[in-house]
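Just below is one structure, and these are the notes that go with it.
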Amino acid sequence: MPNIPPACLRLFTCMTALLLSACGAPSANVAAPAVAPAAQPSYQALDALGRALFSEKALSASGLMSCATCHDPAHAYGPPNGLSVQYGGKDGQQAGARAVPSLRYLQSNGPFSEHFRDNDGNDSEDAGPTGGFTWDGRADSLRAQAAIPLLAANEMANATKAELVERLAHSASGALFKQVFGQHAFEDSERAFDQLTLALEVFQQNPTEFYPYSSKYDAVLRGQAELSAREQRGLAVFNDENRGNCASCHISQRTEGGAFPAFTDFGHIAVGVPRNHTLPANRNPAYYDLGLCGPARTDHSDRTDWCGLFRTPTLRNVASRQVFFHNGVFHDLRTALEFYASRDTNPKRWYRKNAAGKTVKFDDLPAAYQDNINQEAPFGGLPGGRPTLSQQEIDDLLAFLQTLNDGYHPTSPQ
């Protein structure tokens with residue numbers, strides 16, 4: 001079992017207790033019901049049920065897809081392949097609209113907020129929108145996030161909650177569900193759906209599975225390992241605000257309270273990645289995925305200053321990924337880093353030309369919103385200029401990012 005900080009275990013236990021309380025535990029100020037309710041499930045029971053449901057393909061209309069299909073435990077709960085988007089739906093052939101993110105290291109994320117202030121002693125600096133789950137932050141909890149694919153037409157494709165609960169009742173997990181929630185668990189489909197997503201949420205807070213802190217970098221923070229010379233150079237580039245400047249969004253230091261870094265600030269940012277012309281949705285030239293201001297999210301469609309912003313993902317396990325950015329446009333980590341280094345100095349490499357032969361920069365965001373695109377290092381420079389990062393610095397960055405992969409053992413050969 002990984003060396004999990006005691007604080008994480010306490011968080012897991014406390015959060016589960018809160019979830020259980022919110023799901024029906026009687027308050028001291030409320031009169032007891034005439035009939036005593038069934039005993040509240042323990043977090044161990046909910047964790048075991050959530051684990052089973054996470055891999056239950058019978059919950060999909062096709063019978064081919066489970067949560068684990070896209071969020072593979074063997075791939076840090078991210079996609080198991082290099083497809084830009086995954087495929088689901090009733091026939092298993094419907095393309096998703098966005099790349100699948102990892103579900104790891106989300107335990108310190110919170111609900112979406114329009115205003116965020118870093119705990120850096122300067123409360124006057126507003127870092128803007130932050131938090132929430134999914135690329136656009138529209139889900140306020142892991143439980144709300146879990147509900148989205150269950151009902152999405154291009155994912156698990158259940159038309160209604162009742163339809164899903166009927167599938168659950170006849171699945172291999174149905175008996176365990178009744179064991180946890182009672183023999184009458186399927187009589188109220190709304191309640192059963194809430195219990196299903198509760199179990200998924202509790203499982204996704206299992207520290208061993210979802211925030212093991214088992215990378216080489218964690219071993220370094222514990223004093224159990226040392227970075228190589230190349231890895232140290234890569235960390236220096238990562239932290240240097242004039243070079244990689246990665247740590248401005250992907251925080252690499254322990255928090256003031258001593259917690260290990262999640263390598264994300266959970267903020268939202270527009271980086272101007274190229275349009276992915278392989279996505280079925282992008283065959284329509286009028287279609288744009290605008291992140292915080294639509295189309296999947298509709299409550300901030302009037303915030304034009306947020307169009308093109310997507311939540312910053314964790315960089316933990318990034319070196320094991322095969323697809324990058326919200327639209328899955330890149331399939332190699334080096335390519336992603338080279339994009340950061342030369343987006344502005346070599347735009348011809350990244351963006352297509354129009355009919356007149358002119359390179360159309362930032363082609364996945366309408367011109368009206370392109371002022372939202374981040375211009376801080378490593379971005380910047382003029383076409384034809386020197387990239388912000390050299391190939392040596394990119395090599396060093398790649399070496400450092402490898403140290404963020406989970407599964408490192410201090411006694412294993414380096």
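Condition check ((1) touching a residue at least 40 places away in the same chain (Cβ under 8 Å); (2) part of a loop (DSSP other than H, G, I, E, B); (3) among the charged types (D, E, K, R)) across all residues:
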position	(1), (2), (3)
THR314	yes, yes, no
ALA336	no, no, no
ALA341	yes, no, no
TYR369	yes, no, no
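Filtering the stretch 44-56 to residues that are more than 20 Å from ASP72 (Cβ to Cβ) and surrounded by fewer than 21 Cβ atoms within 10 Å (Cβ to Cβ) leaves GLN44, ALA45. Can you spot a residue in the stretch 139-149 that is touching a Lys or Arg at 6+ places or on another chain (Cβ under 9 Å), among the charged types (D, E, K, R), surrounded by 19 or more Cβ atoms within 10 Å (Cβ to Cβ) and under 19 Å from GLU201 (Cα atoms)? Taking every residue of the stretch 139-149 in turn, none turns out to be touching a Lys or Arg at 6+ places or on another chain (Cβ under 9 Å), among the charged types (D, E, K, R), surrounded by 19 or more Cβ atoms within 10 Å (Cβ to Cβ) and under 19 Å from GLU201 (Cα atoms). Across the stretch 247-257, the qualifying residues are those that are part of a loop (DSSP other than H, G, I, E, B), touching a residue at least 12 places away in the same chain (Cβ under 8 Å) and of a type outside the set (Asp, Glu), and the one among them that is farthest from SER214 (Cα to Cα) is CYS249. From the list LEU389, LEU397, the lone residue that is surrounded by 14 or more Cβ atoms within 10 Å (Cβ to Cβ), in the same structural domain as THR335 (by TED's automatic domain parsing) and under 30 Å from TYR211 (Cα atoms) is LEU397. Filter the stretch 357-414 down to the residues that are of a type in the set (Val, Ile, Thr) and modelled with pLDDT of 95 or more, then identify the one that is farthest from ARG311 (Cα to Cα). Looking at residues that are of a type in the set (Val, Ile, Thr) and modelled with pLDDT of 95 or more, I get THR359. Annotation note: Cβ proximity below 7 Å between a residue of the stretch 391-414 that is on the phi > 0 side of the Ramachandran plot and a residue that is modelled with pLDDT of 95 or more and buried (at least 16 other Cβ atoms within 10 Å of the Cβ) (sequence gap 6+ or interchain) occurs for GLY407/SER214.
In summary, ALA355 fulfils each of the numbered conditions (1) part of a helix (DSSP H, G or I); (2) free of Cβ contacts under 8 Å to residues at least 24 places away in the same chain; (3) hydrophobic (A, V, I, L, M, F, W, C) with the single exception of condition (1). Please find, within the stretch 259-300, the residue that is surrounded by the most Cβ atoms within 10 Å (Cβ to Cβ) out of those that are among the small types (Gly, Ala, Ser) and farther than 18 Å from ARG316 by Cβ. Filtering the stretch 259-300 for residues that are among the small types (Gly, Ala, Ser) and farther than 18 Å from ARG316 by Cβ, the one surrounded by the most Cβ atoms within 10 Å (Cβ to Cβ) comes out as GLY291.
The values are calculated or read from the model by the stated rules, or taken from the named source; none is laboratory data. This one's a predicted model, so the numbers in the text were calculated from it and none came from an experiment. Reconstructed Cβ throughout: ideal geometry from the backbone, glycine too, with neighbour counts over all protein chains shown.
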